[in-house]
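Enquirer: One structure coming up, written as structure tokens, with questions to follow.
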Amino acid sequence: MEQKRIDKKRITILYLIITVSLTWLCQFMPILMGMDVENTSISSFDYSSIFFGIGGVMPTLVGVIFVFIFYTKEGLKDFLKRCFVPNKECIVAIVISLGLICFEVAVTQLISKGLGAEALGFEGLKLIAKNPLYFFYFLFWGIISGPFSEEFGWRGFLTDRLFNKEKLLNMSLLIGFVWGIWHLPLYFYPAQIQHDWFMINPILGLLFIVSCMTAALVYTTIYVVAKRKIFPIFFLHLFKNIILTGAMIYPFSDTYSVVVVFVEIVMDVLFYVLFTRTPVYKRKLDDALEFDYLK
């Protein structure tokens with residue numbers, strides 16, 4: 001049993017080291033090579049975006065490889081089921097996720113308007129209203145820009161490895177911190193919001209890492225509510241990408257882009273503190289089981 005715990009710890013540390021190292025190696029490469037990264041993003045289709053995109057999929061790629069290498073057949077089946085087969089709790093989790101993100105948008109814009117900012121543009125929603133096929137366009141980019149490239153790893157593999165009902169807060173903050181520093185290369189890409197925040201104020205830039213830590217509290221809560229299912233977490237990440245700071249509400253003011261990080265941190269903490277005290281959450285947590293599918 002002691003050897004099993006040591007192996008579990010080593011595998012987890014190895015996953016973190018490989019994932020972060022490969023992402024930084026790939027995404028820093030265009031900068032070190034002097035390539036033009038002025039407009040680089042996942043959808044810019046320039047040469048830099050190749051390195052950018054490859055680095056961005058490392059959490060999922062490494063996580064899936066680790067599952068195939070280190071998990072038993074039962075563990076592999078469980079992993080695939082958690083990722084692709086929803087249960088009834090997933091519907092509740094998705095609705096909760098959407099409600100939280102929309103509420104954060106509303107609060108952010110309310111504060112922004114109080115500071116004199118213009119209204120949200122909602123260009124994405126307007127495009128969908130004119131041509132419903134745009135829904136699939138935004139859905140595609142929203143899914144590959146975070147949910148599929150990260151969540152098979154961060155939540156599908158890592159959260160399952162670290163899950164402990166008695167230490168959920170510590171586990172969530174740890175994963176959130178790693179998730180935050182994993183984004184380090186994005187501070188050097190002008191088209192990324194992390195770069196904008198750091199240029200406005202380095203402290204604001206560093207608050208992004210804090211926002212990842214508080215967001216991880218919400219992700220863990222959804223993980224528990226959905227009985228370890230990763231399926232609804234894809235949607236939570238999707239909603240954050242295309243609604244909170246994304247195409248659905250764009251263009252938004254410079255004021256909004258600054259206020260949103262503070263609102264997200266506060267609202268995520270409040271959500272975690274309040275929701276984890278509800279009878280529904282406590283029942284789900286009591287029913288939660290800790291699995292160890294390592295070979």
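Enquirer: So for the stretch 167-179 (the condition being at pLDDT below 95, over 17 Å from the mean Cα position of the chain (by Cα) and not in a helix (DSSP H, G or I)), does at least one residue qualify?
Expert: no
Enquirer: For ASP268, state whether it is among the acidic types (Asp, Glu), modelled with pLDDT of 95 or more and on the phi < 0 side of the Ramachandran plot.
Expert: yes
Enquirer: For the stretch 7-43, enumerate the residues that are crowded, with 17+ Cβ neighbours inside 10 Å and polar (S, T, N, Q).
Expert: Listed by number, the residues that qualify are THR19, THR23, GLN27, THR40, SER41.
Enquirer: Something else: In the stretch 240-286, which residues are more than 24 Å from ILE144 (Cα to Cα), in contact with a helix residue (DSSP H, G or I) (Cβ under 9 Å, 6 or more places away or on another chain) and of a type in the set (D, E, K, R)?
Expert: ASP254, LYS284, ASP286
Enquirer: Residues PHE136, PHE103: which one is in contact with a helix residue (DSSP H, G or I) (Cβ under 8 Å, 6 or more places away or on another chain) and assigned to a helix (DSSP H, G or I)?
Expert: PHE103
Enquirer: Exactly one condition in (1) surrounded by fewer than 21 Cβ atoms within 10 Å (Cβ to Cβ); (2) in contact (Cβ under 8 Å) with a residue 60 or more places away in the chain; (3) farther than 24 Å from ILE96 by Cα is false for LYS126; which is it?
Expert: All conditions are met except number (2).
Enquirer: With modelled with pLDDT of 95 or more and more than 19 Å from the chain's Cα centre (by Cα) as the only criterion, which of LYS9, LYS113 stands out?
Expert: Only one candidate passes the filter, namely LYS113.
Enquirer: Quick one: which residue in ILE222, ILE230 is under 13 Å from ILE96 (Cα atoms), surrounded by 23 or more Cβ atoms within 10 Å (Cβ to Cβ) and of a type in the set (Val, Ile, Thr)?
Expert: ILE222
Enquirer: Can you pull out every residue in the stretch 217-250 that is without any contact (Cβ under 8 Å) to a residue 60 or more places away in the chain and of a type in the set (A, V, I, L, M, F, W, C)?
Expert: LEU217
Enquirer: Ok, one more. For the stretch 257-295, give me each residue that is acidic (Asp, Glu) and buried (at least 19 other Cβ atoms within 10 Å of the Cβ).
Expert: GLU264, ASP268, listed by residue number.
Enquirer: Need the failing condition index for PHE291 against (1) within 15 Å of SER172 (Cα to Cα); (2) at pLDDT below 95, just the number.
Expert: PHE291 satisfies every listed condition except (1).
The values are calculated or read from the model by the stated rules, or taken from the named source; none is laboratory data. The shown structure was predicted, so the numbers you read here are calculated from the model rather than taken from an experiment. No Cβ is skipped: glycine too gets one built from the backbone with ideal geometry, and neighbour counts run over all protein chains shown.
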